[in-house]
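Undergrad: My questions will all concern the structure given below.
The values are calculated or read from the model by the stated rules, or taken from the named source; none is laboratory data. Just so it is clear, the structure is predicted and the values come from calculations on it, not from any experiment. As a convention, Cβ positions derive from the backbone with ideal geometry for all residues, glycine included, and neighbour counts pool all protein chains shown. These area figures cover heavy atoms from the full protein model, side chains too; ligands, DNA and RNA do not enter into them. Shrake-Rupley method; radii C 1.70, N 1.55, O 1.52, S 1.80 Å.
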Amino acid sequence: MAAADVQDFLQQNRAEAAEVEASRGYWESEKHWAARREFILRNKGDFRPDSQDQLLSLSMVWANNVFMGCRYSEELLQRVREMAEGIVVEDAPVFKTRDEIMKQQQGR
């Protein structure tokens with residue numbers, strides 16, 4: 001679902017758009033929210049209405065990993081990466097672990 005597709009979907013489905021928009025955190029930039037909103041919309045149909053909180057939690061895990069470098073179990077990261085496959089985040093930050101930095105420093 002490209003950015004234009006997301007906008008078309010939201011315009012055609014006002015009630016669902018309002019429901020999804022209510023999930024936006026006040027701290028989320030437009031770029032951050034656009035990516036997380038796309039994640040939610042792509043996967044919304046795979047979760048029952050009473051499981052939407054789980055979808056929102058997974059969307060936060062994905063966004064936290066992409067935008068802030070938060071780390072989670074490999075199993076959880078694999079799941080959210082599969083759910084986010086095809087979502088393009090331009091200029092996403094690149095994070096390095098302490099071990100990667102130390103290894104790089106030792107190579108000098």
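Undergrad: Pairs please, first residue from region 62-87 and free of Cβ contacts under 8 Å to residues at least 12 places away in the same chain and closer than 24 Å to Gly45 by Cα, second anywhere and open to solvent by 30 Å² or more (accessible area, probe 1.4 Å) and hydrophobic (A, V, I, L, M, F, W, C), Cβ atoms under 7 Å, 6+ apart in sequence or on different chains.
TA: As it stands, the answer is Asn64/Cys70, since those pairs meet every condition given.
Undergrad: Hey, another quick one. When only residues in region 23-47 that are in a loop (DSSP other than H, G, I, E, B) and of a type in the set (Gly, Ala, Ser) count, which is most open to solvent (accessible area, probe 1.4 Å)?
TA: Applying the filter and picking the extreme gives Ser29.
Undergrad: Please determine whether any residue of region 73-85 is over 22 Å from Glu16 (Cα atoms), of a type outside the set (Asp, Glu) and not in a helix (DSSP H, G or I).
TA: Yes: one or more hits.
Undergrad: Just give me the residues in region 72-104 being of a type in the set (D, E, K, R) and more than 22 Å from Trp33 (Cβ to Cβ), in sequence order.
TA: Going residue by residue through region 72-104, those that are of a type in the set (D, E, K, R) are 74-75, 79, 81-82, 85, 90-91, 96, 98-100, 103.
Within region 72-104, Glu74, Glu75, Lys96, Arg98, Asp99, Glu100, Lys103 meet the criteria.
Undergrad: While we're looking at this one, here's another question. Please work out if Asp50 is closer than 23 Å to Glu19 by Cβ, open to solvent by 80 Å² or more (accessible area, probe 1.4 Å), part of a helix (DSSP H, G or I) and of a type in the set (Asp, Glu). Can you show your working first?
TA: Details: closer than 23 Å to Glu19 by Cβ: yes; open to solvent by 80 Å² or more (accessible area, probe 1.4 Å): yes; part of a helix (DSSP H, G or I): yes; of a type in the set (Asp, Glu): yes.
For Asp50, the condition - closer than 23 Å to Glu19 by Cβ, open to solvent by 80 Å² or more (accessible area, probe 1.4 Å), part of a helix (DSSP H, G or I) and of a type in the set (Asp, Glu) - is met.
Undergrad: While we're on this one: Just give me the residues in region 55-96 being open to solvent by less than 40 Å² (accessible area, probe 1.4 Å) and aromatic (Phe, Trp, Tyr), in sequence order.
TA: Trp62, Phe67
Undergrad: Assess whether Val94 counts as being in a loop (DSSP other than H, G, I, E, B) and among the aliphatic types (A, V, I, L, M).
TA: Yes.
Undergrad: Now, a different point. Being part of a helix (DSSP H, G or I), surrounded by fewer than 15 Cβ atoms within 10 Å (Cβ to Cβ), modelled with pLDDT under 90 and among the charged types (D, E, K, R): is that true of Asp99 here? Outline the logic, then answer.
TA: Details: part of a helix (DSSP H, G or I): yes; surrounded by fewer than 15 Cβ atoms within 10 Å (Cβ to Cβ): yes; modelled with pLDDT under 90: yes; among the charged types (D, E, K, R): yes.
So Asp99 fits the description; yes.
Undergrad: Same structure again: I need every pair where a residue in region 4-31 that is at negative phi and of a type in the set (Lys, Arg) has its Cβ under 6 Å from the Cβ of a residue that is in a helix (DSSP H, G or I) and modelled with pLDDT of 90 or more, sequence separation at least 6 or different chains.
TA: Partner pairs satisfying both residue conditions: Arg24/Trp33.
Undergrad: Follow-up. I need a count of the residues in region 9-22 that are modelled with pLDDT of 70 or more, surrounded by 11 or more Cβ atoms within 10 Å (Cβ to Cβ) and part of a helix (DSSP H, G or I).
TA: 5
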